[in-house]
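Notes to accompany the following structure.
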Amino acid sequence: MKISESRLRQILKEELDQELKKRIYDLYQQGSIGQAFELAKTLDEALYEELRNDLLSKLPAGNYRRRDLSGLDLTGADLEGTYLTGADLSNANLTNANLAGTYLRNADLSGADLTGTNIEDAYYPEVTKHDEETKFPQGFDVQTHKTDLERMKQ
């Protein structure tokens, strides 16, 4: 039985994709989340989206202190109660993410997009970095570090 060149390429691509997925999961489990997402970007778009969604669904709440999460697409991620102290979230897409009760002390949010993000009761002191490119959720006051709802509770 002769295999066509196009079928052979497809088989090789599938094997390579499986090896890459294994390497990505290994990096993820070792705590190299940024590297895992960067490697995932080398996959084709459909496989990347599938893998990204799978990794986000497994993203445990916990400790991401001083982790490099810069530039990651964390749209819709549930990070409630997570320690992000000193984490680099610069240029990350956190649209519609759940950051309720997170600790953001010394985190770098420069250029991050937090549009629609739940940042209720997050610990966001003045020393957390952000810039004019940072997009905060509607109703979040950068001066007081409180949401509209938190200000109404006072």
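The values are calculated or read from the model by the stated rules, or taken from the named source; none is laboratory data. Nothing here was measured: the structure is a model prediction, and the numbers come from that model. Every residue, glycine as well, gets a Cβ built from its backbone with ideal geometry; the counts of neighbours run over all protein chains shown.
Counting just the residues of the range 106-154 that are at pLDDT 80 or above and basic (Lys, Arg), which one comes out surrounded by the fewest Cβ atoms within 10 Å (Cβ to Cβ)?
LYS129
Looking at the range 54-68, can you tell me whether even one residue there is at pLDDT below 85, within 20 Å of ASP131 (Cβ to Cβ) and not basic (Lys, Arg)?
Yes, because at least one residue in the range 54-68 is at pLDDT below 85, within 20 Å of ASP131 (Cβ to Cβ) and not basic (Lys, Arg).
Determine which single condition GLY76 fails, assuming it passes every other condition in (1) part of a loop (DSSP other than H, G, I, E, B); (2) more than 15 Å from the chain's Cα centre (by Cα).
Only one criterion in (1) part of a loop (DSSP other than H, G, I, E, B); (2) more than 15 Å from the chain's Cα centre (by Cα) is unmet by GLY76, namely (2).
Among the residues that make up the range 39-49, is at least one of them touching a residue at least 24 places away in the same chain (Cβ under 8 Å), in the same structural domain as THR144 (by TED's automatic domain parsing) and closer than 21 Å to LYS21 by Cβ?
no
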